[in-house]
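The values are calculated or read from the model by the stated rules, or taken from the named source; none is laboratory data. Everything numeric in this text was worked out from a predicted model, so none of it was measured. Cβ placement follows ideal geometry from the backbone for every residue including glycine, while neighbour counts extend to all protein chains displayed. Side chains included, ligands, DNA and RNA excluded: accessible areas come from the protein's heavy atoms. Shrake-Rupley method; radii C 1.70, N 1.55, O 1.52, S 1.80 Å.
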Amino acid sequence: LFIAFMISLCGGVKANNIQITNVSVVPANSTIKFDVSWDNSWNSSILNNWDAAWMFIKFKDYTGNWQTISPLLTGNIIPSGFTASVVPAGLYGGGGFFLYRSAPGSGTTNITNVEMIMPPTIASGIYDIRVFGIEMVYIPQAPFFVGDGISTNAYYTSPSSPNQFHPISSSSTALIDPLSSLSTPINTSTFPNGYNDFYCMKYELTQGGYKDFLNTLNYNGQVNRTAAAPSSTAGTYALSNASRNNIKIKTAGLASTRPAEYGCDANNNGIYDEVDDGEYIACNFLNWPDHAAYLAWAGLRPLTELEFEKAARGIQLPVANEYVWGNTLIANPIYSLSNANQSGELVNNGASSPIGNANYSLTYPNAPFNGPLRNGIFATATSNRISSGASFYGVMELGGNLWERVITTANTNGRSFTGTHGFGSLSNSGNAENVTFSNWPGYDGVSFQISGSVPATGLIYRGGSWSNNSTFVLVSNRAGALILDANTARASNVGVRGCRTAP
């Protein structure tokens, strides 16, 4: 019975203006109805590549915990011109669905009156319902290359040809990893080597997105996913009072009883989630347990190093010392901002093609704006791949802004990763928890969770950040330190990005 519902609208992850509105419930046929829109959308028949919204629906159960609802595979109503690819919960992780253009086109996507039919397993009663959306990019199945023949610790094919990049195909096994002492080849039948298709988050996780996530956790979960106790006074910074992080406690929680409510307040006026409160800025100060918990909650998984290079370079031949936009030219003036902390935050003096833009050590704005920038800040109505700093497939900020924490091929713990997804739920302590997480770095071996209690070997930083020099921004540069500890520290220059194997 799907009888009485209390709707709690959530705009989902704030990434380049994705908006979920007009959420309602049609009890007669167990349907959740809503509209969704986002900017800078496309479907390219030439590249067999498009962007999409990964949508998932959560309800608060009788225990007060938020659970994912998986829509039915059939009977859903999707407006003409768009496709919904439903992913049921189960073996392949938490349920949800991808919404995307079904024909070539570009521009702002507006999808109205989407109707998703829910399973008849939710008991009669009053529920809070929240609909979330994350912008993704479809990376099609295709062979590609890793390494560029020159970057630090770049992949190559054989000891006799250390200056040659390496092709990746479904059966590729000859790859040499200069960071590894392992003599065994990578098991490409289980390790996600990037050849197969997958969806990658278009942007790094925003502060609005992490705030929305925190607001679905119980008190004990919030304790582990923030730096300040949830019972702290309103206005306390949840993660850090530095480098443009603006997430604060909006309403104090009560220890072990009532969770806190979080909001963004970049203008420091005590009024939360206003247009200039920084929700669209990439979220820093998140450690690996935070990262893993968010991906598990959203039904996603980490990227691997090989997937990172494919998402960046696509099917093109490598260029020595290339950036994600495909050439070796990068902007160097200190950026100035207009509309700071707003969804329309802009760089006033960005470079024009053929020079690419990235937020790194020579360009990050002066205080108080030194830190990560708004997601998609260089993409405008007139920009191209180079001036927008986009990857071959349209993934944004893979170079600069915040470090990408990905699964490495340099050690056994990284190579044991098999690409399992989160199931949409967490432990009562707010940790990523499921038996399939035994191959995610940081698994504690006992309770199927990633809590920071064991060393999280198996991870590496890629792509550089706002505080790193341009060398680290290079596609194939692997000088970013291997993560050799539990990584419970929260850094100003590390963010979150995830992916999901295509259904």
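Couple of notes before you dig in:
- Residues of the stretch 446-495 that are under 19 Å from Ile176 (Cα atoms), part of a loop (DSSP other than H, G, I, E, B) and modelled with pLDDT under 95: Gly458, Ala479, Gly480, Ala481.
- Pairs where the first residue, in the stretch 80-92, is over 18 Å from Thr418 (Cβ atoms) and part of a loop (DSSP other than H, G, I, E, B) and the second is open to solvent by less than 40 Å² (accessible area, probe 1.4 Å) and at pLDDT below 90, C-beta under 8 Å, 6+ apart: Pro88/Ser70; Pro88/Gly95; Ala89/Thr68; Ala89/Ser70; Ala89/Gly95
- The single residue among Ala234, Ala227, Ala242 that is open to solvent by 60 Å² or more (accessible area, probe 1.4 Å) and within 25 Å of Ser467 (Cβ to Cβ) turns out to be Ala227.
- Residue pairs whose Cβ atoms lie under 9 Å apart, sitting 6 or more positions apart in sequence or on different chains, and linking a residue in the stretch 370-392 that is within 19 Å of Cys283 (Cβ to Cβ) to a partner that is open to solvent by less than 10 Å² (accessible area, probe 1.4 Å) and at pLDDT below 95, are Asn375/Ala15; Gly376/Ala15.
- Qualifying positions in the stretch 447-467 - surrounded by fewer than 24 Cβ atoms within 10 Å (Cβ to Cβ), in contact with a Gly (Cβ under 8 Å, 6 or more places away or on another chain) and in contact (Cβ under 8 Å) with a residue 40 or more places away in the chain: Ser451, Gly452, Thr457, Tyr461
- Hey, Ser24 surrounded by fewer than 20 Cβ atoms within 10 Å (Cβ to Cβ) and either touching a residue at least 40 places away in the same chain (Cβ under 8 Å) or not in a strand (DSSP E or B) (or both) or not: no
- Any hit, the stretch 207-224, residues being of a type in the set (A, V, I, L, M, F, W, C), over 25 Å from Tyr393 (Cα atoms), open to solvent by 30 Å² or more (accessible area, probe 1.4 Å) and at pLDDT below 90: no
- Residues that are under 26 Å from Ile77 (Cα atoms), aromatic (Phe, Trp, Tyr) and modelled with pLDDT of 90 or more, drawn from the stretch 115-158: Phe132, Tyr138
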